[in-house]
There are 2 protein chains.
Amino acid sequence: MDAREAVETIQREMTVFARRARASAGRLHPELSLVSYTLLGHLEDSGGCRATDLAAHYALDKSTVSRQVTALERSGLIERRQDPTDHRVQVLHLTDAGRGILAQVTESRRAAFRERLAAWPEPDLERFAEYLVRYNAWGGSGARGAG
Amino acid sequence: MDAREAVETIQREMTVFARRARASAGRLHPELSLVSYTLLGHLEDSGGCRATDLAAHYALDKSTVSRQVTALERSGLIERRQDPTDHRVQVLHLTDAGRGILAQVTESRRAAFRERLAAWPEPDLERFAEYLVRYNAWGGSGARGAG
DNA sequence: TCCGTCTCGTTGCACAGTACAACTTGGCGC
DNA sequence: GCGCCAAGTTGTACTGTGCAACGAGACGGA
């Protein structure tokens, strides 16, 4: 396989993956779409951030994030805290309920991935993880293009 | 990074990727969404098939495929041919216009990937491609689960 | 101090993609 | 022929999304 062929393969396989991801996005959890799961996960990782940060990181419109956040707050999974130094800003935080559901969904996803990756030798797993990080890091948090 | 950590990273990065893929799906071509691009690609690969086959292969409802097909036909990218042996069946075929646009979109996607992967050393490209193939091959064409 | 301009977020609107259910049309077995 | 099955279409509803317009607050220069 030469470089040209490898790029071709990466394109094709990424497309296949994207299609399947979309197909299974709705079946994640009765209460959590793939988007809201992702947003919750980011809140956990970051320890709380602004809606604008979420929008930038996931290439979503701020209005989309705003609505998702509203829904998540209505479900009691996150809470908004006014930033005392800047009253325009709302810092979003997971609630205990949110943390619980997030852990639950993460665990079931993790189990699916573990099963799927069970036969992989550890060095391959590590390289694959590293490649994905490198791929997604391209162009910074708002990367566009060959998604 | 140990294996547990690597699986975790793969899960997270695949999710980020899926999210961004969706974000850029609409900007593929003014005339072609990611879905219709995929369907067109399948028609090219298979050399013509039924709407029901497309639905089954991509885990889509037949009504969804029906509407996509209607749109693609209206745009002159595909044509329906009655199956002479079974009048319920319409076999879908690419038109020349459809083949042209498909090639064009494939090429622009390929260029985007090439740009994105330009800085990668060739051995990494090849390994990454191989990992993706291995990942997607899991469970065959209708694989479900950790998308 | 006040005005222009920026940022953060919400809301109104429109649209794509999707599923489910009901239906039409056509084939097939008894 | 009758009943059932298969292929596709259409009605309806919902979700996720973006863009544009807007409101509220911050910030800097005249």
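The values are calculated or read from the model by the stated rules, or taken from the named source; none is laboratory data. Note that the structure is a prediction, hence the values are computed from the model and not measured. Neighbour counts are summed over all protein chains in view; Cβ atoms, including those assigned to glycine, are modelled from backbone coordinates with ideal geometry. The area values use the complete protein model at the heavy-atom level, side chains included, leaving out ligands, DNA and RNA. Shrake-Rupley method; radii C 1.70, N 1.55, O 1.52, S 1.80 Å.
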| request: Could you figure out which of (1) more than 10 Å from DNA strand C (Cβ to nearest atom); (2) open to solvent by 40 Å² or more (accessible area, probe 1.4 Å); (3) assigned to a loop (DSSP other than H, G, I, E, B) isn't true of residue B:99? | output: (3)
| the range A:42-72 - residue that is open to solvent by less than 20 Å² (accessible area, probe 1.4 Å) and over 17 Å from residue A:83 (Cα atoms) and, of those, farthest from DNA strand D (Cβ to nearest atom) | A:72
| message | Looking for something more than 17 Å from the chain's Cα centre (by Cα) and open to solvent by less than 60 Å² (accessible area, probe 1.4 Å) - is there at least one such residue anywhere in the range B:20-34? | response | no
| said: Go through (1) in contact with a Lys or Arg (Cβ under 6 Å, 6 or more places away or on another chain); (2) more than 13 Å from DNA strand C (Cβ to nearest atom); (3) closer than 15 Å to residue A:91 by Cβ for residue A:55 and report which single condition fails. | reply: (2)
| query | Are any of the residues in the range B:62-74 within 12 Å of the chain's Cα centre (by Cα) and farther than 28 Å from residue A:36 by Cα? | reply | no
| In the range A:27-41, the residues that are within 10 Å of DNA strand D (Cβ to nearest atom) and either in contact with a Gly (Cβ under 8 Å, 6 or more places away or on another chain) or in a helix (DSSP H, G or I) (or both) | A:33, A:34, A:35, A:36, A:37, A:38, A:39
| task | Test residue B:38 against the stated conditions and say whether it is of a type in the set (Val, Ile, Thr), over 15 Å from residue B:99 (Cα atoms) and either buried (at least 17 other Cβ atoms within 10 Å of the Cβ) or more than 10 Å from every other protein chain (Cβ to nearest Cβ) (or both). | result | no
